[in-house]
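The values are calculated or read from the model by the stated rules, or taken from the named source; none is laboratory data. As the structure is a prediction and not an experimental result, all values here were calculated from the model. Heads up, the Cβs are rebuilt from the backbone with ideal geometry, glycines too, and the neighbour counts pull from every protein chain shown. The accessibility values were calculated without ligands, DNA or RNA, using every heavy atom of the protein model including side chains. Shrake-Rupley method; radii C 1.70, N 1.55, O 1.52, S 1.80 Å.
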Amino acid sequence: MLRRLTPQVLGVLTRRFGDFEAAEDAVQEALLAATAQWPDEGVPDNPRGWLIQVAARRMTEHVRSEQARRRREELVARRAGRRAAPPADEESGTDRDDTLTVLFLCCHPALTPTSAIALTLRSVGGLTTAEIASAFLVPEATMAQRISRAKQRVRGLPFRLPSGEEWADRLHSVLHVLYLIFNEGYTVSVGPDLHRGELAREAIRLARAVRALLPDDNEVAGLLALMLLTEARRPARTGPSGELIPLAEQDRSRWDAAAIAEGVELITATLARGAVGPYQLQAAINAIHDEAAGVGDTDWPQILALYGLLERMSANPMVSLNRAVAAAMTHGPATGLALLDELEERLPGHHRLHAARAHLLEMVGEPAAAAESYRTAARLTASGPEHHYLLSRAARLTAP
């Protein structure tokens, strides 16, 4: 719940005080107060209003402290015309959800793409600095500095949704960030959990909000379709003990049929409207998976063709890895293994490369080599469920 409320509270504070950097700090203090008090005192009836009120008090204290310490008469003059902030439940506008405005602010062109992604993952996605640092493979202190600089750069920028040509400057970054937030929710990169359902659902909610603003944008619809078609499989991804279940072994009756139907309808409509982008292609691939009655019924040649198109649009090596797997399923594992060998330099030390190789080695009947690749992949992943799954595959192949 706190993760979901964070960007909403941040939006209210930023809109009210006009200082994103200080508002983010105040919200973090309010969250700390909530985690300390709510377990003993109980969750308040209006948790959002409680957080806004506590954060607003912190902001008021911050402003007063700055005024007294730095004696900024000009700041005092600017604030003089503003009335003091009343409790959250008394001020008009606190019911407004500014999460989307926060999202677009974090993706302002004044920031580099990397900084925009990091700031959004922190402010909208609710990830900790340590989690973001791990995702970017940099030290936590480095990421903390990067986020701090990003907050300073957006300080004072207009807190509003883009208008006119500004959409084109930010939409690409916004969609990319939502894609990353969803992926982190669907498959947690670090830690004992396989997924964070609330993070994936928030990404879907925000994608719906963006689509409501831009109903005719094919890639916005494509991203929403991709999320729905992927999230539909989540109920079948884990077993009774929380263990990872790969796509080929999932009970497809547990998939969310309503989400699949909505996703298929979305992507079918967008593919008929002209130019196709990468999110639409990924959604189309997932639609093929979701509509297949079983893994043996999957149209792998069509998936291979779509990955070929996607690879020509993107230099992402993970796309090439997925195309190699699709080639193996279409033309045989030897073809896929040859393509994986070509990815060694582009994916050095990545666990998914070794996991894919292990799977294809298992298919060609080389259990010892497959087990070794599974163990290598297990050493390289930071995900607890993936680690256990990969080791269990290796153990099964080497069992007497």
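Things worth noting here:
- Meets criteria (out of contact with any strand residue (DSSP E or B) (no Cβ under 7 Å at 6 or more places or on another chain) and closer than 30 Å to D98 by Cα) for I260: yes
- For region 227-246, the set of residues classified as open to solvent by less than 10 Å² (accessible area, probe 1.4 Å) and in contact (Cβ under 8 Å) with a residue 40 or more places away in the chain consists of M227, L229, A232, listed by residue number.
- Residue match in region 133-145 (condition: among the polar types (S, T, N, Q), surrounded by 15 or more Cβ atoms within 10 Å (Cβ to Cβ) and touching an Asp or Glu at 6+ places or on another chain (Cβ under 9 Å)): yes
- Residue that is on the phi < 0 side of the Ramachandran plot, open to solvent by less than 50 Å² (accessible area, probe 1.4 Å) and modelled with pLDDT under 90, where the choices are R160, R155, R170: R170
- First in region 6-19 and acidic (D, E), second anywhere and outside any helix (DSSP H, G or I), Cβ under 9 Å, 6 or more apart: D19/R155; D19/G156
- V43 passes every criterion in (1) surrounded by fewer than 17 Cβ atoms within 10 Å (Cβ to Cβ); (2) of a type in the set (V, I, T); (3) within 23 Å of S148 (Cα to Cα) apart from (3).
- Residue match in region 47-56 (condition: modelled with pLDDT of 75 or more, charged (D, E, K, R) and open to solvent by less than 30 Å² (accessible area, probe 1.4 Å)): no
- Search result, residues across region 173-208 that are at pLDDT 90 or above and of a type in the set (G, A, S): A200, A203, A207
- Qualifying positions in region 149-177 - in contact (Cβ under 8 Å) with a residue 60 or more places away in the chain, out of contact with any His (no Cβ under 6 Å at 6 or more places or on another chain) and part of a helix (DSSP H, G or I): K151, Q152, D169, R170, S173, V174, L175, H176, V177
- When region 185-205 is limited to residues that are under 11 Å from the mean Cα position of the chain (by Cα) and among the hydrophobic types (A, V, I, L, M, F, W, C), the one that is surrounded by the most Cβ atoms within 10 Å (Cβ to Cβ) turns out to be A203.
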